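Nothing in this text is a laboratory measurement; each read-out follows from the coordinates by a stated rule. Bear in mind the structure is a predicted one, so any value in this text is a computation, not a measurement. Glycine gets a Cβ as well: all are built from the backbone with ideal geometry, and neighbour counts include every protein chain shown.
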Amino acid sequence: MTDVWSSRAEGYRAAVEQREGEDLDLIVEWAAGAKTALDVATGGGHVARRLRDAGLDVITCDPAPGMHPDVICRAEDLPFAPGSFDVVLTRIAPHHFADVPAAIAAIARVSRDLVIVEDTLYASDRVEEAERLRDPTHIRSYSEAEWRSFLMDAGLVLEEVRHIEKTHPFDAWLARTGCEGEEAERVRALLAERTTPDGSGWTDVKVLLGARKEA
Ligand SMILES: C[S@@+](CC[C@H](N)C(=O)[O-])C[C@H]1O[C@@H](n2cnc3c(N)ncnc32)[C@H](O)[C@@H]1O
């Protein structure tokens, strides 16, 4: 998996829907007052860039060396002492994690105060099939109820929940993972009900959650 992600690094750095969005503005807003942050599964480094621009000291981690993280590690095994960072975040990545409860427990452990998680919200089995066909590293998206449980089980108190729509241009989105030919056609067909009126892309919903450690 790590090598797959390293080979995709440039695509994820450049992708407009990764690089921009009101989700990044909200993350910066929610992190206001924090001095240190850990960006887990940093990918193209978009969260880290925005938080550094806002004046935070940010460490990045990711298991893929090609993403050039500060620390190479999985979210499930964060090699930091408890309470090392004011805020620990992970954006649009947990649907790739092998063990989400373990990852959220690790994230909660190394946070001193705030945890921010954003991920693709479960929509339907058809959307899940399309996501896995387009990208075999997609394990599963979770419902908001599942996210509430993951956070609560890690000893976190949920403070904010937002749903954010993102539109993915089909051509660039499929090319980013090398999905082409009949597979790409099947992915487009599975996403028919979410396809934009002009047919050029599809819209998914992300859930963005802000939670704090229990006092
Ligand atoms: C879609 S990218 C992340 C996007 C990025 N956070 C952003 O805001 O643009 C998914 C990343 O998850 C990483 N990843 C996959 N499995 C992981 C795991 N178990 N723990 C941490 N990161 C993982 C991949 O290496 C990849 O860089």
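When only alpha carbons are used to place a centre, segment 38-93 and segment 115-164 end up 19 Å from one another.
Per residue, the convex hull spanned by the Cα atoms of segment 115-165 amounts to 94 cubic angstrom. Taking the number of Cβ atoms within 10 Å of each Cβ as an exposure proxy, the fewest-first ranking of V117, V110, V28 is V28, V110, V117.
Each semi-axis of the equivalent ellipsoid for segment 34-114 is √(5λ) with λ an eigenvalue of the Cα gyration tensor; in descending order they amount to 17, 16, 10 Å. Among E182, E118, E193, which one moves the most in a GNM of the chain with springs linking Cα atoms closer than 10 Å? With Cα springs under 10 Å in the chain, the top fluctuation among E182, E118, E193 is at E182.
Only helical runs count toward this figure. For the chain, summing -39,500 (n - 2.57) over DSSP H runs of n ≥ 4 and dividing by all residues gives -10000 deg cm²/dmol at 222 nm.
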